[in-house]
Amino acid sequence: MLFMVIERFRGQDGLALYRRFQEQGRMAPEGLRCVGSWIEANFDRCF
């Protein structure tokens, strides 16, 4: 089964996501595998 996670950034602050990832990791449930991700050019959303 595939899931797509969409995260919106407050104030288009994509750097906050990178900081959180460095500090806490992906924060995904155990067993969930990330296939890929990308961020919109305007830093509004991450897929």
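Bear in mind that the values in this text are calculations on the coordinates, not laboratory data. Just so we're clear, the structure is a prediction, and the values are computed from it rather than from any experiment. Every residue, glycine among them, receives a Cβ derived from its backbone with ideal geometry; neighbour counts consider all protein chains shown.
Please report the orientation-averaged projected area of the chain, defined via the convex hull of its C-alpha atoms, in nm².
So the Cα hull casts an average projection of 3.6 nm².
What do you get for the angle between helix 14-24 and the principal long axis of the chain? Use alpha-carbon atoms, 0 to 90 degrees, nearest ten.
Helix 14-24 and the main axis of the chain meet at about 40 degrees.
For the chain, what does -39500 (n - 2.57) per DSSP helix run (n ≥ 4), summed and divided by total residues, give at 222 nm, in deg cm²/dmol to the nearest 500?
That calculation yields -7000 deg cm²/dmol at 222 nm.
Among 46, 34, which comes first, then next, by fewest other beta-carbon atoms within 10 Å?
Working: 46 15, 34 8.
In increasing order of surrounding Cβ atoms, one gets 34, 46.
Tell me, what is the percent relative contact order of the chain, built from C-alpha pairs under 8 Å that lie six or more residues apart?
Reported relative contact order: 60 percent.
For 2, 15, what's the fewest-to-most ordering of other Cβ within 10 Å of each Cβ?
Ordered from fewest to most neighbouring Cβ atoms within 10 Å, 2, 15 come out as 2, 15.
Please find the FRET efficiency linking residue 45 to residue 15, where r is the Cβ-Cβ separation and R0 is fixed at 22 Å, and quote it to the nearest 0.05.
0.90
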